[in-house]
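Visitor: I am attaching a structure below and will ask some questions about it afterwards.
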Amino acid sequence: MFRRLTATGVQWDDGSRSEADAIIWCTGFRPALAHLGPLGLRGPRGRVATSGTRAVGEPRLHLLGYGDWTGPASATLIGVGRPAREAARQIARQLDS
């Protein structure tokens, strides 16, 4: 697990950095968003505003598995398939441009 997000990617515990064009964050059953705090993306209800799975305030960030927040039933194994496929398509398009 990386230590923190940076302007161009992530930083590891040893201080080294890796650039990232897109980050997909899948947390499982509970939102774990504290590490995103420095990005200032969380709204008044604690959610990150999204368009589909892409964070509105940080287009390199996609979130999956938050139920209706990021796609109908996306917090379930059955329901996450459609938003995951769309996120992969969006990321591929973003990386190609």
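The values are calculated or read from the model by the stated rules, or taken from the named source; none is laboratory data. In this text, all values refer to a predicted model and were calculated from it rather than measured experimentally. Every residue, glycine among them, receives a Cβ derived from its backbone with ideal geometry; neighbour counts consider all protein chains shown. To get the accessible areas, we keep the full protein, side chains included, count just its heavy atoms, and leave off ligands, DNA and RNA. Shrake-Rupley method; radii C 1.70, N 1.55, O 1.52, S 1.80 Å.
Visitor: Let a ≥ b ≥ c be the square roots of the eigenvalues of the Cα gyration tensor of segment 1-81; is it rounded (a/c under 1.5), or, if not, prolate (a/b larger than b/c) or oblate?
Guide: Since a/c reaches 1.5 and a/b is larger than b/c, the shape of segment 1-81 is classed as prolate.
Visitor: What part of the accessible area of the chain, given as a whole %, is carbon or sulfur when the probe is 1.4 angstrom?
Guide: Carbon-and-sulfur percentage of accessible area, whole number: 55.
Visitor: Here's a follow-up. Would you be so kind as to identify which of L41, T6, A20 lies farthest towards the positive end of the dipole of the chain, taking Lys and Arg as +1 and Asp and Glu as -1 on Cβ and the Cα centre as origin?
Guide: Of L41, T6, A20, it is L41.
Visitor: Now for a different question. What angle do you read, to the nearest 10 degrees and between 0 and 90, between the alpha-carbon axis of helix 81-96 and the longest principal axis of the chain?
Guide: 40 degrees
Visitor: Still on this structure, I have one more. Out of all DSSP beta bridges with both ends in the chain, state the antiparallel percent to the nearest 5.
Guide: On the way: 10 of 14 bridges.
Approximately 70 percent, going by the DSSP bridge assignments.
Visitor: OK, next. Using a 1.4 Å probe, what is the accessible area per residue for the chain, in Å²?
Guide: On the way: 6340 Å² over 97 residues.
Accessible area per residue: 65 Å².
Visitor: List the residues whose amide H sits under 5 Å from the amide H of G9, counting only those 5 or more places along or on another chain, with H placed 1.01 Å from N in the peptide plane.
Guide: It is A20, by chain and number.
Visitor: Considering amide H positions built from the backbone, and no H for Pro or chain starts, which residues 5 or more places from A55, or on another chain, come under 5 Å of its amide H?
Guide: The list, which skips near neighbours in sequence, is L61, H62, L63.
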